[in-house]
Amino acid sequence: MEIQLLLSRDRETCYHDPVRGFKTRLVNGRLFSSTNIGMSLEDAKKSAAYKAVNEYVKDNTVIGVGSGSTVVYAVHRIAERVKSEGLKLVCVPTSFQARQLIIEHGLVLGDLESNRRLDCAIDGADEVDAKMVLIKGGGGCLLQEKIVASCADRMVVIADYTKDSSKLGQQYRKGIPIEVVPMAYVPIKAKVEQCFGGCLKLRMAVAKAGPVVTDNGNFILDWHFDDGKEHDWDAVNREVMMIPGVVDTGLFVGMATKAYFGQPDGTVTERYKAKQTAQMAPTIGRA
Ligand SMILES: O=C(CO)[C@H](O)[C@H](O)COP(=O)(O)O
């Protein structure tokens, strides 16, 4: 019997030796042994979320609650800590989903009218590059996620190892989401393609005919950019934001303070924000 290739995708390869019953997984250049091969992607999300909540959520604080599947674990852990430690927290949602999670877990629901400054925003990401530039909005909630993060003293990203990337586009192949006013989606698509290349696709709904409509009543264009080129994401983001009808982009530049990546063996790796340079100022100033 020969060694079998079980899985091979971007920066992740998994082998099985049927004679010795030995499995290995190579992820982003790190080798994981057969003892921990059974950890699922969900376990990786959970480890990252739990570690972030344990380290960043403090008593008497206001927390921004992001959106997506990894955030579900963060909200579970926040609720556990509120119960066991009696933490006094106010949670500000970034989407309809986050609002429901907060309510379902019996947490105190807040908003930006009563809490213009947050202590920490905890959110997922679709991809995080080596400079901590994020692609967000895979779940369509980028606008409120960016607003809430911009009001927080720190933004903490929770993700599994598939989101860890050296360069945007290496791991996440669905493009950079751009939220747009519906009447402007055709000219915006043409302008971005003309100025920056690539191709923009109107995101279509799955269980509804027609396009995805965001929590804010807008459309999403997913920009499949040219990943063969070097991009200055801060400059690109600023220019795209200037196009009339663009509401926001899923590019989060200079916003994340720290990222936690859950690994296949249950460990969590961490990345900190690089020192700010003049070329890489925060997209939106903190409140
Ligand atoms: O930006 C987001 C939603 O707009 C999410 O944070 C992002 O899509 C990651 O989601 P998940 O934790 O499910 O992988």
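Structure summary
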| quantity | calculated |
| --- | --- |
| Qualifying trypsin sites (Lys or Arg not before Pro) for region 225-279 [loop in DSSP, other Cβ within 10 Å: at most 16] | Lys229, Lys275 |
| Accessible area of region 55-137 belonging to carbon and sulfur atoms, whole % at 1.4 Å probe | 51 percent |
| Accessible surface of Cys141 - all protein chains present, 1.4 Å probe, nearest 10 Å² | 20 Å² |
| Local electrostatic count at Tyr260 - Lys and Arg +1, Asp and Glu -1, tallied over other residues with Cβ under 14 Å | +3 |
| R0 of 41 Å, Cβ-Cβ distance Glu42-Gln194: FRET efficiency to nearest 0.05 | 0.50 |
| Shape of region 102-167, Cα gyration tensor, a/c cut at 1.5 | prolate |
| Proximal charge balance of Leu109 [Cβ under 15 Å; K/R count +1, D/E count -1] | -1 |
| Qualifying trypsin sites (Lys or Arg not before Pro) for region 173-203 [loop in DSSP, other Cβ within 10 Å: at most 12] | Arg173 |
| Debye log10 I(q)/I(0) for region 46-169, one point scatterer per Cα, at q = 0.10, 0.14, 0.15, 0.18 Å⁻¹ | -0.26, -0.52, -0.60, -0.87 |
| Proportion of all alpha-carbon pairs of region 101-236 beyond 24 Å (%) | 38 percent |
| Rounded to the nearest 20 debye, dipole of region 141-283 from Cβ charges on Lys, Arg, Asp, Glu | 100 debye |
| At q = 0.21, 0.22, 0.27 Å⁻¹, base-10 log of I(q)/I(0) for region 194-262 (Debye sum, equal scatterers on each alpha carbon) | -1.08, -1.13, -1.28 |
| Accessible area (Å², per residue) of region 56-175, counting only protein heavy atoms and a probe of 1.4 Å | 39 Å² |
| In region 201-270, the GluC sites (Glu not before Pro) that fall in loop regions by DSSP, at most 14 other Cβ within 10 Å | Glu230 |
| Net length gained if the chain between Val108 and His76 were fully extended (0.36 nm per residue, minus Cα distance) | 10.1 nm |
| R0 of 35 Å, Cβ-Cβ distance Ala130-Val186: FRET efficiency to nearest 0.05 | 0.50 |
| Summed side-chain charge close to Met204 - residues other than Met204 whose Cβ falls under 13 Å, Lys, Arg +1, Asp, Glu -1 | +3 |
| Relative contact order (%) - criterion: Cα under 8 Å, at least six apart; region: region 175-276 | 31 percent |
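The values are calculated or read from the model by the stated rules, or taken from the named source; none is laboratory data. These numbers come from a predicted model, not from an experiment. We place every Cβ from the backbone using ideal geometry, glycine too, and count neighbours over all the protein chains shown. The accessibility values were calculated without ligands, DNA or RNA, using every heavy atom of the protein model including side chains. Shrake-Rupley method; radii C 1.70, N 1.55, O 1.52, S 1.80 Å.
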